[in-house]
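First up is the structure itself, then whatever we jot down about it.
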Amino acid sequence: MSVDRSRLHIALQRSGRLSELSRDLLRDAGLRIETSKNALTARAANFPADLMFVRDDDIPTFVSDGVCEFGIVGQNVLHEFAAGTSEPGFEVLAELGFGQCSLRIAVPEREGYDGPRSLAGQRIATSYPRLLREWLDRKGVAADVVEMSGAVELAPRLEIAQSICDLVSTGATLEANGLRAVDTVLDSQAVLIRSRRPLDEARAAIADQLLGRIEGVIATKGSKYIMLNASSDALKGIVALLPGAEAPTVLPLHGRPGHFAVHAVCQESVFWDTLQKLKAAGASAILVVPIEKMMM
Ligand code: PRT
Ligand code: ZN
């Protein structure tokens, strides 16, 4: 596969928990991506970028080596990779708000746990040996790390280890295996990373464009546009109630002296109880609308 150096290259997980959400993010950023089921690469039809579909574990290497300028990967995979390198060849640009999970220590349900020192002298099975080792060192605990590439939660039952360190989201897998989470090594979500290798001017401009769009998508997801009417004496209290709104626009209402329309972008969700508080503070005709696109 030859790499076209006039285009950007973005490494995404080929198939797994992050695949669809990563593609959705790029689609929301306006990239038209047409893929066939088993394709290893895809071209954005309307933007100078190619996607490379790889195993998530390979994404930090691809980006560090400059094979791909951008990548989307879980912090768990990224930090495990970085723990083994002196100077990682990537930088983290944004947290993406999906793929949330935690790397947790879990012990058999009936075992007691009195903090990290309870693990001293144990064998702990994990697919994240470097992160676990760093955490144990930070806690000053001497324990054996047993590396497994999968099915870590079976280790205590198979007597390969006494406890485990594995990713957890709902906790159902731990429960099904008679384990309980007792400590957290890392909280994780998907992040956008960028290679530290310098780009020529033309591609640096494309990279900035892509980044601006992705930042816009992230900002849009958590934001709402809110409109309401208020009298001048209620204005101050109402503006203070608007969640995450900076500098709202206040416009006089035609034909209603002393009354104003307030428009604001709220950088947080607007819940029903906020609307009730706004109403109680004197707001009327309250409208909350989704934002489709945003560029800061
Ligand atoms: O083939 P490839 O190497 O690309 O994929 P993979 O099998 O290594 O990864 P994949 O697709 O399972 O996960 C990709 C990324 O999703 C991970 O690196 C995390 O960043 C993130 N993620 C989010 C998770 C989970 N949630 C998660 N629950 N990754 C794994 N799990 C596992 C967990 O370890 C448990 O065994 O899913 C199982 C179910 O979890 P519970 O707690 O909901 O029962
Ligand atoms: Zn993987």
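Quick notes
- Taking 10 °C and 1.306 mPa s as conditions, the chain diffuses translationally at an estimated 71 µm²/s according to Stokes-Einstein applied to its Kirkwood radius (Cα pairs).
- To the nearest ten degrees, helix 232-241 and the longest principal axis of the Cα atoms of the chain are 10 degrees apart.
- With all projection directions averaged, the alpha carbon convex hull of region 132-189 covers 4.4 nm².
- Taking the number of Cβ atoms within 10 Å of each Cβ as an exposure proxy, the fewest-first ranking of Tyr128, Tyr113 is Tyr113, Tyr128.
- Note on Glu111, Glu80: ascending count of other Cβ atoms within 10 Å places them as Glu111, Glu80, the fewest first.
- Contact order relative to length of region 224-290, as percent, for alpha carbon pairs under 8 angstrom and 6 or more apart: 51 percent
- All alpha carbon pair distances within region 224-290 were sorted into 10 Å bins beginning at 0; the resulting P(r) in whole percents reads 23, 61, 15, 1.
- Exposure proxy order (Cβ contacts within 10 Å, fewest to most) of Met52, Met148: Met148, Met52
- Per residue, the Cα convex hull of region 148-240 amounts to 241 Å³.
- The label-point distance for Ala120 and Met296, in a model that sets each label 7 Å from Cα toward Cβ, rounds to 4.7 nm.
- Mean projected area (nm²) of the alpha-carbon convex hull when region 1-131 is viewed from all directions: 10.7 nm²
- Percent of beta bridges antiparallel (DSSP, the chain, rounded to nearest 5): 75 percent
- Region 76-193, Rg to Rh (Cα coordinates; Rh as Kirkwood inverse mean 1/r): 0.98
- Contour excess over end-to-end distance, with Cα ends at Lys236 and Glu109 and 0.36 nm allotted per residue: 40.4 nm
- Filtered trypsin sites (Lys or Arg not before Pro), region 115-176: DSSP coil and at most 15 other beta carbons within 10 Å: Arg157
Computed from the coordinates by the stated procedures, all read-outs in this text should not be read as laboratory data. Predicted, not measured: the structure shown is a model, and the values here were computed from it. Every residue, glycine as well, gets a Cβ built from its backbone with ideal geometry; the counts of neighbours run over all protein chains shown.
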